[in-house]
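Chemist: Right, I'll just put the structure down here and ask away after.
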Amino acid sequence: MDIIIESLPRLLHGTFITIQITALSVFIGFCMAIPLAIIRVSGRRILSLPVYAFTFYFRGTPLLVQIFLIYYGSGQFQVFLASVGIWPLFQSAWFCAVLALTLNTAAYSTEIFRGGIQGVPAGEIEAARACGMSGMRLYQRIIIPRAIRIAWPAYTNEVIFLLQASSLVSIITVMDLTGVAREIAARSFAFYEIYIFAAVLYIIVVYGVLWAFKRIETRMNAYLRMEITG
Amino acid sequence: MFDLQGYGPLLLQGAKLTIYVGVCSMVIAIGLGLLGVLGQLSKSPVVRFLVTTYTTVVRGIPELVLILLVYYGVPTLIQDISAAAGSPVYVALDPFVSGTATIGFIYGAFSTEVFRGAYLAVPRGQIEAARACGMSGALTFRRITLPQMMRYALPGLGNVWMVLIKATALISVIQLPELMRSADIAAKNTRMPFTFFFAASLIYLAITIISNIVQQWAEKRTSRGVRRA
């Protein structure tokens with residue numbers, strides 16, 4: 001027990017890094033996924049095919065391979081990356097971790113939001129067109145807000161998955177919660193105490209995020225709540 | 001760039017082990033999933049509580065943490081307990097056994113949820129009819145509920161398999177020479193990390209594509225009895 005109390009500050013800092021990396025990847029991934037999903041349903045083959053290839057590759061391969069490809073694999077292109085001036089970025093495990101997680105979640109979210117967009121009732125789109133909306137405005141005002149509401153439960157799952165998957169960044173030496181736990185465990189031999197405590201911290205964060213996303217869901221769908229009268 | 005420098009066979013061997021680990025874990029996961037759904041239907045509140053705790057806790061913990069916990073934690077826990085009991089024993093777990101068991105244990109929780117949904121999808125009347133024909137609870141489950149559940153469970157189980165086979169890559173962390181670990185070894189020896197990790201990713205992709213085809217075939221087969229409009 002002493003070892004847990006002693007290393008609590010470091011474990012909490014690790015938890016912070018886990019949340020930071022996840023939040024950053026989820027945010028950037030979300031910003032990428034919406035336009036990619038729109039391209040994916042656009043029906044323009046030249047545009048939608050590359051997006052499909054991107055989501056297919058990142059959904060079909062393990063995240064660990066993607067992390068290794070970016071962190072270790074970039075070494076094979078050192079000369080080129082250095083000539084463009086971005087080599088120092090790829091030397092940072094933190095940057096590679098965020099890049100891999102971002103691309104991964106962008107791929108999954110694109111498919112989730114594609115489903116959401118395709119789930120928007122045709123009548124609503126027709127109504128919007130009848131009101132004179134088209135193109136950008138139609139997407140911005142009608143399709144996207146509705147698609148996000150439809151896709152939200154699936155998107156919540158994706159965020160939870162990413163939060164847990166972020167533990168993989170410890171393998172490339174990022175000191176997230178798992179990374180800190182592994183280091184303390186290896187040095188103190190208190191394997192089960194530390195890992196169980198780390199697991200408890202993960203459960204708290206996971207169910208906290210789940211609760212927050214459910215709150216957002218209720219908020220977004222507030223207009224659907226039926227008013228009970230008399 | 002795609003000169004594998006003689007490491008091709010090593011990768012293929014790793015791929016074989018990956019599939020083997022995946023199939024073994026999936027069998028465990030399906031077994032645990034069926035047990036889990038039976039537990040959720042149980043009349044005993046203790047059993048129901050245990051199953052709910054299992055699915056809730058396991059789905060809240062990252063796979064990697066559980067793999068490390070089982071591989072490093074369980075032997076030390078046994079050693080500590082046995083030492084406290086006065087007869088210390090030395091235990092070491094085999095990476096294959098502990099990795100497969102952990103992955104199976106994790107995805108057992110996910111398949112419990114899949115089976116639960118499938119169970120609820122079987123019309124009540126079918127079970128009542130079976131009881132009326134004089135079948136016992138166990139016989140009803142085996143003859144009536146289970147075959148129909150499989151039809152509803154198959155898409156969900158297919159998804160579990162797709163996630164599971166990718167999760168087996170994590171067992172490389174405890175040194176099991178599956179596909180990921182083999183690629184790592186080849187990458188270190190040849191100093192061509194991109195080539196080998198990319199090759200490994202293509203093998204995973206191939207596994208995913210083949211699984212997709214098999215899933216579609218299986219779904220067609222299990223719904224032979226369903227009338228289509």
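Chemist: With axes computed from alpha carbons, what is the tilt in degrees of helix A:144-165 against the longest principal axis of chain A, rounded to the nearest 10 within 0 to 90?
Modeler: Relative to chain A, helix A:144-165 is tipped by roughly 10 degrees.
Chemist: Counting only other chains, and only Cβ atoms inside 10 Å, what mean value do you get across the residues of A:159-165? Write out the running numbers ahead of the final one.
Modeler: Values: counts 0, 2, 3, 0, 2, 7, 5.
So the per-residue partner count for this stretch is 3.
Chemist: To the nearest µm²/s, what D does Stokes-Einstein give for the protein assembly as shown at 10 °C and 1.306 mPa s, using the Kirkwood radius over alpha carbon pairs as Rh?
Modeler: Estimated via Stokes-Einstein, D reaches 65 µm²/s.
Chemist: Can you list the residues in the range B:33-64 whose accessible area drops by at least 10 Å² when all protein chains are present, compared with the chain alone? Use a 1.4 Å probe, heavy atoms only.
Modeler: B:T56, B:V57, B:R59, B:G60, B:I61, B:P62, B:E63, B:L64
Chemist: Same structure, new question: Considering only protein heavy atoms and a probe of 1.4 Å, how much of the accessible area of the range A:2-229 is carbon and sulfur, as a whole percent?
Modeler: Values: 7720 of 11500 Å².
Of all accessible area on the range A:2-229, carbon and sulfur atoms account for 67 percent.
Chemist: How many percent of the accessible area of the range B:165-229 is carbon or sulfur, using a 1.4 Å probe?
Modeler: 58 percent
Chemist: On alpha carbon coordinates alone, what is the Rg over Rh value for chain B, Rh being the Kirkwood radius?
Modeler: My calculation puts Rg/Rh at 1.07.
Chemist: In addition: For chain B, which DSSP H helices look membrane-span-like by this rule: Cα extent along the axis of 30 Å or more and mean Kyte-Doolittle of at least 0.0?
Modeler: Details: long enough: B:8-41 (49 Å, 1.60); B:95-121 (38 Å, 0.82); B:193-222 (43 Å, 0.76).
Once both thresholds are applied, what remains is B:8-41, B:95-121, B:193-222.
Chemist: Which residues, if any, in the range A:55-87 have at least 30 Å² less accessible area in the whole protein complex than in the isolated chain, probe 1.4 Å?
Modeler: A:F56, A:Y57, A:G60, A:T61, A:P62, A:L64, A:V65, A:F68, A:L69, A:Y72, A:Q76, A:F77
Chemist: What are the aspartates and glutamates whose alpha-carbon lies under 12 Å from the alpha-carbon of B:K16, with same-chain residues fewer than 8 places away excluded?
Modeler: List returned: B:E178.
Chemist: log₁₀ I(q)/I(0) of the range A:2-229 at q = 0.15 Å⁻¹, via Debye over equal Cα point scatterers, no solvent, to two decimals?
Modeler: -1.06
Chemist: Hey, what angle do you get for helix A:2-41 against the long axis of chain A, alpha-carbon based, 0 to 90 degrees rounded to 10?
Modeler: Long axis of A:2-41 versus the principal axis of chain A: about 30 degrees.
Chemist: Next question. Two-decimal Rg/Rh of the range A:96-149 from alpha-carbon positions, Kirkwood Rh?
Modeler: Numbers: Rg = 14.4 Å, Rh = 12.4 Å.
Ratio of gyration radius to Kirkwood radius for the range A:96-149: 1.16.
Chemist: By how many degrees, between 0 and 90 and to the nearest 10, does the Cα long axis of helix A:93-118 differ from the longest principal axis of chain A?
Modeler: That helix lies at roughly 30 degrees to the long axis.
Chemist: Once you mark the trypsin sites (Lys or Arg not before Pro) that are in a DSSP loop and have at most 12 other Cβ atoms within 10 Å, what is the longest gap between them in chain A?
Modeler: A:45-224
Chemist: Follow-up. Rolling a 1.4 angstrom probe over the protein heavy atoms, how many square angstrom per residue are accessible across the protein assembly as shown?
Modeler: 51 Å²
The values are calculated or read from the model by the stated rules, or taken from the named source; none is laboratory data. Keep in mind it's a predicted model, so treat the numbers as computed, not measured. Positions of Cβ are backbone-derived with ideal geometry, glycine not excepted, and every protein chain shown enters the neighbour counts. Accessible surface areas use protein heavy atoms only, side chains included; no ligands, DNA or RNA. Shrake-Rupley method; radii C 1.70, N 1.55, O 1.52, S 1.80 Å.
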